[in-house]
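Working notes, structure below.
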Amino acid sequence: MNLVHKKHNEAMDFAELAFLARINGNHAEAIDLSGKALQSELMAINALSDTDSIEPTYSVLHRSAATLALDCNNSALAEKLTATALAHSPPDEIAEELRDLFEQIHFRRHLLLRGVTLCEDEMQMSLSGRGVGYGVVQSEEFLERVSTASQVIYRIVERQNGRAFREAGRLKKNLRDQYEVFVSVPRASSLAVTLKLGQPSEQLNLPGVLDTAQVIDEFMDLMELANKSRLDELKVRIPDEAYYRNFVGLAKKIAPDGENVLQIGFTATRAGSDRFVDVRKTRSDFATLPVVTKGELPQFVTIKGVLRFADAIHGESGIIKIVEEEGGKSHDVKVPQGMMNDIVRPMWNSVVIVTGEKNGRYIILEDIVEAEELATDE
Amino acid sequence: MLDLNTLANGLPAITPALGKALAEAGGVCLEDRGHIQGKALQVQGYTKNEYALFWPAVTEQARRCWNDTEVATEYGAVGIAVLLAKSEIGYSVIERSRKGTGFDYWLGNDKDSLFQNKARLEISGIRKGDDKSLRTRVNQKVKQTDPSDGTLPAFVIVIEFGCPVAEVREK
């Protein structure tokens with residue numbers, strides 16, 4: 001076994017230990033071990049002779065070292081290693097993986113605050129992808145996500161204030177005034193804005209009243225759990241079915257579409273340290289987040305048509321009608337609590353694709369997306 | 001028989017510590033789907049076979065460690081796939097490199113130089129799916145790169161923990 005092989009194996013042994021440390025929650029140890037793995041991998045690269053520098057060995061070692069550098073939060077080194085490997089004309093699939101890695105490295109840069117100071121009642125939202133230029137973004141992509149992030153925040157406030165899920169009507173004025181979301185002027189990074197929550201007034205800042213920093217922490221925690229599909233923990237955090245269903249639906253609206261927007265990041269500052277939540281799970285992946293987390297999957301049906309009728313007066317669930325464009329056949333769909341106001345209503349009069357469980361003459365809604373949006377996923 | 005406990009002995013490119021963890025992850029996924037020791041694993045695609053699956057006892061601590069569903073499913077699938085690679089394809093996992101959130105595994109002969117004349121082993125896991133989702137995942141993996149000059153040889157193994165079933169394909 002030559003030196004390249006020996007040092008690479010050493011690097012991978014450290015990388016495995018780093019992975020195990022991370023799984024066991026020892027994050028500082030994981031970063032330390034990743035650092036050791038990186039040093040060994042760099043030694044393996046330095047030991048490459050002309051005869052060893054053939055592909056795919058050259059690019060695989062560089063990609064491996066670049067990933068380790070990213071594990072150690074050394075974006076600059078990761079960028080250099082990735083660029084070096086790409087310049088070496090790697091095999092097609094390794095080149096694709098290197099480009100994916102480049103995107104991750106660049107997005108890490110975008111998550112950094114770059115001199116912007118965030119207060120405890122603020123968080124940064126960053127977007128990147130083909131529909132996002134340097135400081136510009138397709139307005140729909142941006143506005144929808146800001147609006148949806150605000151809805152998530154208001155629902156957190158209502159839930160944490162012990163209010164029953166509000167199926168219809170507006171947020172109470174006093175809550176809106178206390179926790180209103182303000183948006184800063186966009187910054188050119190990928191595209192980043194600061195979302196600021198209005199501070200509760202002095203007289204209402206009583207014990208038990210939610211602090212805006214707590215609302216942001218809850219938002220970051222929930223998005224992180226959803227992005228990692230940690231459904232059991234999500235369910236513990238949001239035991240109420242209607243609030244849970246509502247959050248899953250809204251998180252899906254915030255998630256990247258996989259085309260125009262590839263990554264959404266949130267950054268908050270606590271005790272001088274930055275916390276990042278990097279959402280890469282696409283909307284179609286979020287569709288696999290089941291509302292029912294135990295038991296067998298029901299038999300789903302999928303229909304496409306125009307959302308024409310909404311009746312929200314039926315207690316725990318509302319009814320919508322989906323009218324097929326060709327032939328005009330109409331389907332009655334029951335909308336469970338938590339979905340009508342924030343998720344279904346904005347799609348009024350649009351062509352939608354509904355997935356749900358068939359139950360007698362009704363379809364029990366599981367998922368609804370605008371047809372146009374789905375077409376971009378195909 | 002496919003005994004995940006044997007992973008704790010390590011493989012040429014998997015340390016005993018990681019092997020033990022992979023076996024644990026596999027056990028967490030299988031028990032999460034309600035399976036008991038000896039459950040039959042159907043193998044389809046490149047070969048057809050059936051194995052009785054065994055795994056280490058799943059402790060509460062193991063469940064806590066592997067509470068990230070995606071990570072547990074991915075690594076549980078790795079544990080089963082590396083054993084299937086040996087028994088169904090006839091090659092051991094001989095090398096690994098760091099990639100994304102996990103490792104890139106390579107099959108082949110130890111005598112060749114690093115990553116030379118090796119086939120990649122692309123592994124994917126589905127915690128709870130059906131035939132359609134299994135086929136979709138396999139097709140996604142196989143279609144990741146179109147066959148062309150310079151494309152690296154690869155095998156794809158997708159593990160679905162609900163049945164459980166393993167689909168093995170040559171790319």
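FYI, it's all coordinate maths here, none of it is from the lab. Values in this document were obtained by computation on a predicted structure and should not be read as measured data. A quick note on method: Cβ atoms are made from the backbone with ideal geometry, for glycine too, and the neighbour counts reach across all protein chains shown.
Bridge orientation summary for the protein assembly as shown: considering DSSP beta bridges with both residues in this region, about 80 percent are antiparallel. If R0 is 25 Å, the Cβ-Cβ spacing of B:Thr6 and A:Ala28 corresponds to a FRET efficiency of close to 0.15. Residue-wise HN-Hα couplings along segment A:32-41, as the Karplus relation 6.51 cos²θ - 1.76 cosθ + 1.60 with θ = phi - 60° gives them from phi, are 4, 5, 5, x, 5, 4, 4, 4, 5, 5 Hz; Gly and Pro carry x. Close amide-amide hydrogen proximity is noted between B:Gly162 and B:Gly129, each under 5 Å apart and 5 or more residues distant or on a separate chain (H modeled in the peptide plane; Pro and chain starts excluded).
Taking Lys and Arg as +1 and Asp and Glu as -1, the other residues whose beta-carbon sits under 11 Å from that of A:Met123 total -2. Bridges between two residues of chain B, per DSSP, are antiparallel at a rate of about 60%. The gain in end-to-end length when the A:Ala164 to A:Ser147 segment is fully stretched comes to 3.9 nm, 0.36 nm per residue minus the alpha carbon separation. Going from the residue with the fewest nearby Cβ atoms within 10 Å to the one with the most, A:Arg130, A:Arg283, A:Arg230 rank A:Arg130, A:Arg230, A:Arg283. Taking only the C-alpha atoms of the protein assembly as shown, the Rg (one decimal) and the largest Cα-Cα distance, Dmax (whole number), read 24.7, 76 Å. Its residue count N fixes a reference of 2.2 N^0.38 Å for segment A:122-286, and the Cα radius of gyration divided by that reference is 1.02. For segment A:3-111, the alpha carbon positions stretch 39, 35, 20 Å along the principal axes, listed from largest to smallest.
Note on B:Ile36/B:Asn67: beta-carbon distance plugged into 1/(1 + (r/R0)^6) with R0 of 30 Å gives a FRET efficiency of 0.90. When a footprinting reagent is the concern and you count Cβ atoms within 10 Å, what order do A:Glu120, B:Glu50 take, fewest first? So the residues, fewest neighbours to most, are B:Glu50, A:Glu120. Only helices reaching 20 angstrom along their own axis (Cα) with mean Kyte-Doolittle hydropathy no lower than 0.0 count here, and for the DSSP H runs of chain B these are B:16-32, B:69-84. Each residue of segment A:13-30 was assigned a 3J(HN,Hα) from its phi angle through the Karplus expression (A = 6.51, B = -1.76, C = 1.60, θ = phi - 60°), giving 4, 5, 5, 5, 5, 4, 4, 5, 5, 5, 4, 8, x, 8, 5, 5, 5, 4 Hz with x at Gly and Pro.
Please get the size of the charge dipole for the protein assembly as shown, origin at its Cα centre, with Cβ charges of +1 on Lys and Arg and -1 on Asp and Glu, quoted in debye to the nearest 20. Walk me through the intermediate numbers first.
Details: 65 positive and 80 negative charges, 135 e Å.
So the dipole magnitude of the protein assembly as shown works out to roughly 640 debye.
A simple spin-label model places pseudo-atoms 7 Å from Cα toward Cβ; at A:Thr117 and B:Lys111 they are separated by 6.7 nm.
Could you list A:Ser139, A:Ser126 so that the one with the fewest beta carbons within 10 Å of its beta carbon is first and the one with the most is last? Please list the in-between numbers first.
Working: A:Ser139 8, A:Ser126 24.
Taking fewest neighbouring Cβ atoms as first place, the list is A:Ser139, A:Ser126.
What the Cα convex hull of segment B:67-171 gives, in volume per residue, is 100 Å³. Lysine pair count for segment A:122-286 (Cα-Cα distance under 14 Å; residues 8 or more apart in sequence or on different chains): 4.
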